[in-house]
Amino acid sequence: MSQGEESKVLERKLSNPLVEVQKKIDAVCQRMDIPEGINARLRICERELIVNFPVRMDDGTLKVFTGYRIQHNDTRGPSKGGIRYHPDVTLDDARALAALMTLKAAVVNIPFGGAKGAVACDPEIMSQNELERLTRRYASEISLLIGPESDIPAPDVGTNSQVMAWIMDTYSMNKGYSVLGVVTGKPLEVGGSKGRREATGRGCMMCAGMAGEQLGIKLKDATVAVQGFGKVGSAVANSLAREGCKVIGVSDVRGGVYNPRGLDVEGLYRYSREAGSVIDFKDAENITNAELLALACDVLVPAAIENQLRGDNAASVKAKIIVEGANKPTTTEADNILNENGILIVPDILANAGGVVVSYFEWIQDLQAFFWSESEVNQRLEEVMAHAFHEVLEISQREKTDMRTAAYMLAIDRVASAMMIRGIYP
Ligand code: NAD
């Protein structure tokens, strides 16, 4: 790792997303005169499970992995949130992401609380067999907490529908019957929902369109840069390209590619699956992630990982709109700079909520054993996203504040009201 790269990793870790999410919750609670006891409940997680478990590796050795399942708050319904496989993931990351899930479910008004799971491991260097053994053991360890009525995981960074199928299978083996509703983001063959794979990306595309309307930018004329080309980034790039946007830059962990005339997004997807990265794609120039974030474009979609827009690079952002496909991609320092520079930010808890909305639809379909058509899923997703976007926009205009603060206000109001009506407070 070069010195520059090392300092970036250090910086990423110095901006602890948990501390920043807690500070934001505190500030919004104060602004709204939320009682102290409720503020105190919102800033910490209700249940935290740490598991250290062995996995037999392909070379016969035994390795111990550490995993987490964190439930932030279940006042409004069962906890819901993804499972991340990433070498650097920490307990605080999982806590922050769980808190964001509570707020996200509340912003789009679906009856879930927030949770997150994680295992510190590197799926890029593990075989499918190793990943399956790790997943099944981790699923057994956290089966104390998960279940269709209590806590429903889904994919996040480093996990996918195959991982969800293994979790569903492990959980079902122990129950003695198939429990489809224990996880979402599953393959269609075992209770997955049509439209779930693209849902987070579609939701981001819808937000980009609605934000564009505020600034007089039409998607069909817009230029776009997307950081991250995994499940979310590739779906965002695809749906925006289908709306007529010119996707001029895309990156992944290894670097990015740029073409001012627009990239062939479908071709890039096929290429990156074979080559393992977007770099060296034909008809495009290689660029760094720093250069991608600073591209002159209408819409920037950070869809990789947290702390990518920071105090040291926020001033270089030239996009007019930022749609946060990733969770917590913007540090508080960067948020202030971007707001001062007049950039319209659609915050993570609204922008990337399409995934949890269609996960909710998947859970409903599993519980009812009655499955919807793709157009029904997409139409309902659009209704939910449009409603939430305009509720947040209305609050931001009325309160003369940015959309992140407005989204936190909407979410905290809903969770706090639910707590009070349940009579848990004080
Ligand atoms: P993924 O593992 O499928 O893809 C992650 C992508 O980001 C990959 O292309 C990877 O190469 C890239 N990346 C990782 N680290 C990077 C770095 N330091 N710089 C540049 N690129 C980097 O993950 P995903 O499911 O697409 O999730 C991406 C983000 O979206 C995360 O913040 C996740 O929490 C959030 N999110 C995901 C979903 C979902 O349904 N999967 C829903 C809501 C939010």
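Where a number appears in this text, it was derived from the coordinates with a stated rule and is not lab data. It should be emphasised that the depicted structure is a prediction, and the values quoted were computed from it without experimental measurement. Here the Cβ positions follow ideal geometry from the backbone for every residue, glycine too, while neighbour counts run over all protein chains shown.
Extension gain, Tyr269-Leu49: 0.36 nm per intervening residue step, less the Cα-Cα distance, totals 75.5 nm.
Altogether, the Stokes-Einstein calculation at 20 °C and 1.002 mPa s, with the Kirkwood radius of segment 230-341 over Cα pairs as Rh, returns a diffusion coefficient of 152 µm²/s. Once the convex hull of all Cα atoms in segment 182-289 is built, its volume per residue stands at 117 Å³. For segment 334-426, the relative contact order works out to 31 percent when only alpha carbon pairs closer than 8 Å and six or more residues apart are counted. Sequence-distant contacts, meaning Cα pairs under 8 Å at least 6 residues apart, place the relative contact order of the chain at 16 percent.
Taking each residue as 0.36 nm, the span from Arg242 to Asn174 lengthens on full extension beyond its C-alpha to C-alpha distance by 20.1 nm.
3J(HN,Hα) couplings calculated from phi for segment 243-254 with the Karplus curve 6.51 cos²θ - 1.76 cosθ + 1.60 (θ = phi - 60°) are, in sequence order, 7, x, 5, 9, 8, 8, x, 9, 9, 9, 4, 8 Hz; Gly and Pro show x.
With a simple spin-label model that places each label point 7 Å from the Cα along the Cα-to-Cβ direction, the separation between Ala40 and Ile421 comes to 2.5 nm. Compared with the alpha-carbon gap, the fully stretched path from Ala27 to Ala386 is longer by 126.6 nm at 0.36 nm per residue.
Rounded to the nearest 0.05, what FRET efficiency do Ser140 and Asp221 give with R0 = 51 Å and r taken as the Cβ-Cβ distance? Could you check? Efficiency at R0 = 51 Å is approximately 0.50. Determine the shape class of segment 73-190: with a ≥ b ≥ c the square roots of the Cα gyration tensor eigenvalues, call it rounded for a/c under 1.5, and otherwise prolate if a/b is greater than b/c, oblate otherwise. Judged from the Cα gyration tensor, segment 73-190 comes out oblate (a/c at least 1.5, b/c at or above a/b). For the options Ser375, Ser316, Ser140, a Gaussian network treatment of the chain with springs between C-alpha atoms closer than 10 Å singles out Ser375 as fluctuating the most.
Taking max minus min of the alpha-carbon positions on each principal axis, segment 310-354 gives extents of 29, 18, 13 Å, largest first. Shape annotation for the chain: C-alpha extents along the principal axes are 56, 55, 47 Å, from largest to smallest.
For segment 1-158, pairs of C-alpha atoms spaced more than 25 angstrom apart make up 37 percent of the total.
Taking Lys and Arg as +1 and Asp and Glu as -1, the other residues whose beta-carbon sits under 14 Å from that of Asn336 total -2. Each label point was placed 7 Å from the Cα along the Cα-to-Cβ direction; for Asp58 and Ser127 their separation is 0.4 nm. Determine the shape class of segment 344-426: with a ≥ b ≥ c the square roots of the Cα gyration tensor eigenvalues, call it rounded for a/c under 1.5, and otherwise prolate if a/b is greater than b/c, oblate otherwise. Since a/c reaches 1.5 but b/c is at least a/b, the shape of segment 344-426 is classed as oblate. Based on the Cβ-Cβ distance from Leu91 to Ile364, what FRET efficiency comes out when R0 is 45 Å, to the nearest 0.05? FRET efficiency, Leu91 to Ile364: 0.90.
Pairs exceeding a 26 Å alpha-carbon distance, out of Lys186/Lys318; Lys194/Lys282; Lys24/Lys104; Lys186/Lys282; Lys194/Lys218: Lys186/Lys318; Lys194/Lys282; Lys186/Lys282; Lys194/Lys218. With contacts taken as Cα pairs under 8 Å at a separation of at least 6 residues, segment 147-202 carries a relative contact order of 36 percent.
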